[in-house]
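Report on the following structure.
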Amino acid sequence: MDNRAGPLIDQVSVIIPVHNRPDLLKRAILSVQNQTLVPLEIIVIDDGSDKHFLTDTIASFPEVHFYKQENQGVSHARNSGIKKANGEWIAFLDSDDTWDPFKLQKQNMSLIELPDALLLHTDEKWIRKNKLVNPPTYMDKSNNKLFSRSLKRCIIGCSTVVIKRSVFDTVGFFDESLKVCEDYDLWLRFLIEHTPLHIPFPLVTKFGGHSDQLSSKYWGMDRFRVQSLEKLLSHKKIKNWQRMEILNSLINKLEILSLSFLKHDKLKQSEEFRKKQEIYKNLLDGIPDRIKAHS
């Protein structure tokens with residue numbers, strides 16, 4: 001079989017956002033160039049790296065498209081990459097992650113079997129402090145109650161995704177108002193209407209523990225998830241059962257945030273979260289029992 005045959009061939013644009021991290025970026029780019037199925041293009045969006053920080057990296061990869069912008073965050077960087085891309089399909093890779101050489105080929109083969117798929121994602125290998133660790137069981141990426149489980153935390157890994165470009169015309173782009181949890185937000189919007197194609201192989205390696213990781217920079221990540229879920233409640237195509245699950249998730253997250261801020265003697269913020277929690281409890285209680293019974 002020709003490894004280059006199929007729907008994805010010459011149609012995948014790989015987008016890598018980066019802020020500094022030249023050595024990690026080189027490793028990420030090489031993992032894309034080593035793919036057994038060669039993508040159409042690699043687009044690196046330099047999100048305001050220090051002056052000359054990536055000069056050597058750019059010189060080392062003349063075939064890669066580098067674009068520099070002022071530091072506007074990872075969401076803006078990915079969105080810029082999508083808009084510059086020429087491919088029918090978009091793949092994302094974080095600069096501190098790498099791909100297995102067969103990643104795109106396996107996704108291509110799955111798409112040949114299920115050509116109506118709009119988003120394909122894979123399992124991951126996790127490296128922490130230079131040691132391979134097993135991802136926790138709650139990170140199960142199968143479609144079993146995926147929407148419900150994705151309300152609690154981001155299940156779909158951004159670096160594992162290949163997504164049809166046209167999806168952004170209907171689902172929208174990454175929310176640039178979110179400092180973190182932008183992937184959590186986008187995948188939930190996708191899951192409101194669609195089911196992804198899960199490929200149960202660990203084809204991406206995630207390296208954790210970097211001091212400049214956004215998840216390390218911002219505490220109280222549920223603040224941003226609450227912001228996302230509040231927006232999701234107004235989605236035009238939301239189903240009744242999804243609305244109730246979102247409300248339950250909001251109530252739980254707001255309780256955790258209220259208690260956390262109270263513990264840190266931030267009484268005003270704690271009370272604000274508690275009041276919001278009461279609002280959503282009342283909304284949930286106001287849903288007729290007949291709707292709850294059929295959801």
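Worth a mention:
- Positions within the stretch 39-76 being among the aromatic types (Phe, Trp, Tyr) and either touching a strand residue (DSSP E or B) at 6+ places or on another chain (Cβ under 6 Å) or buried (at least 20 other Cβ atoms within 10 Å of the Cβ) (or both), in sequence order: PHE66, TYR67
- Against the conditions (1) assigned to a helix (DSSP H, G or I); (2) in contact with a Phe, Trp or Tyr (Cβ under 6 Å, 6 or more places away or on another chain); (3) closer than 30 Å to LYS106 by Cα, ILE251 satisfies every one except (3).
- Selected residue (only one of VAL44, VAL32, VAL38 is at pLDDT below 95 and of a type in the set (Val, Ile, Thr)): VAL38
- Residue match in the stretch 209-224 (condition: modelled with pLDDT of 95 or more, exposed (fewer than 12 other Cβ atoms within 10 Å of the Cβ), under 26 Å from the mean Cα position of the chain (by Cα) and in the same structural domain as LEU30 (by TED's automatic domain parsing)): no
- Residues that are hydrophobic (A, V, I, L, M, F, W, C) and surrounded by fewer than 19 Cβ atoms within 10 Å (Cβ to Cβ) within the stretch 172-196 comprise PHE173, ILE192, listed in sequence order.
- Of all residues in the stretch 77-97 being in contact (Cβ under 8 Å) with a residue 40 or more places away in the chain and more than 15 Å from the chain's Cα centre (by Cα), the one that is surrounded by the most Cβ atoms within 10 Å (Cβ to Cβ): TRP89
- Filter pass, PHE53 being over 18 Å from PHE174 (Cα atoms), in the same structural domain as TRP126 (by TED's automatic domain parsing) and at pLDDT 95 or above: no
- Figure legend. Inter-residue proximity from the stretch 124-143: first residues closer than 25 Å to THR195 by Cβ and at pLDDT 95 or above, second residues surrounded by 15 or more Cβ atoms within 10 Å (Cβ to Cβ) and among the acidic types (Asp, Glu), beta-carbon distance below 7 Å, spacing 6+ or different chains. Indicated pairs: LYS141/ASP123.
- Residue within the stretch 102-110 that is among the charged types (D, E, K, R), closer than 25 Å to HIS194 by Cβ and at pLDDT below 95 present: no
- Scanning the stretch 219-248 for residues that are part of a helix (DSSP H, G or I) and on the phi > 0 side of the Ramachandran plot gives no hits.
- Residue ID - surrounded by the most Cβ atoms within 10 Å (Cβ to Cβ), chosen from residues in the stretch 234-273 that are closer than 24 Å to GLU193 by Cβ, touching a helix residue (DSSP H, G or I) at 6+ places or on another chain (Cβ under 6 Å) and of a type in the set (D, E, K, R): LYS253
The values are calculated or read from the model by the stated rules, or taken from the named source; none is laboratory data. All figures in this text were calculated on a predicted structure; none of them were measured in a lab. All Cβ positions, even for glycine, are placed from backbone atoms using ideal geometry, and neighbour counts span all protein chains on display.
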